[in-house]
Amino acid sequence: MSNLPPDTPLYSHPLPHIEQWLKEQGCQQDETQLHCWRVQKPNWQAELWLDIEQIVVRYIQAGENGQDIQRAFKYSLSREDIEQAVFSGP
């Protein structure tokens, strides 16, 4: 994703670059629902959806009592900000 600086809003990145960025973060694309991605880290796992106006992240069983935690990040945020917010975990 070196074509555009990390402080560029995510909506300025073409979809193939966003998909490559997600792969670089360790995400795997769902084969049937192409807008859905999954990521597994040592201490947490999450599902990400590329929605129309935002990325929606659901951290699986990350809350108290094992509930999921869901957050959404607008595409107007920079790639760097979204990366820090999403991939630092719940």
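Only the coordinates and a few stated rules stand behind these numbers; no lab work does. Remember, predicted model here, so these are calculated numbers, not experimental data. Backbone-built Cβ (ideal geometry, glycine too); neighbour counts: all protein chains shown.
Can you name every residue in region 10-40 that is farther than 16 Å from residue 73 by Cβ and β-branched (Val, Ile, Thr)? Break it down into steps so the answer makes sense when it comes.
Restricting attention to region 10-40, the residues satisfying the condition of being farther than 16 Å from residue 73 by Cβ are 14-17, 19-20, 23-24, 26, 28-34, 38, 40.
Answer for region 10-40, where residues must be farther than 16 Å from residue 73 by Cβ and β-branched (Val, Ile, Thr): just 32.
Output the residue which, of all residues in region 48-61 that are of a type outside the set (A, V, I, L, M) and over 8 Å from the mean Cα position of the chain (by Cα), is surrounded by the fewest Cβ atoms within 10 Å (Cβ to Cβ).
First, pick out the residues of region 48-61 that are of a type outside the set (A, V, I, L, M): 49, 51, 53-54, 58-59, 61.
Going one step further and asking which of them are over 8 Å from the mean Cα position of the chain (by Cα), we end up with 51, 53-54, 58-59, 61.
Values: 51: 13, 53: 10, 54: 18, 58: 16, 59: 20, 61: 12.
So, considering only residues that are of a type outside the set (A, V, I, L, M) and over 8 Å from the mean Cα position of the chain (by Cα), the one surrounded by the fewest Cβ atoms within 10 Å (Cβ to Cβ) is 53.
Would you say residue 31 is under 12 Å from the mean Cα position of the chain (by Cα) and either assigned to a strand (DSSP E or B) or not basic (Lys, Arg) (or both)? It would help to see each step written out before you state the result.
Working: under 12 Å from the mean Cα position of the chain (by Cα): no; either assigned to a strand (DSSP E or B) or not basic (Lys, Arg) (or both): yes.
No.
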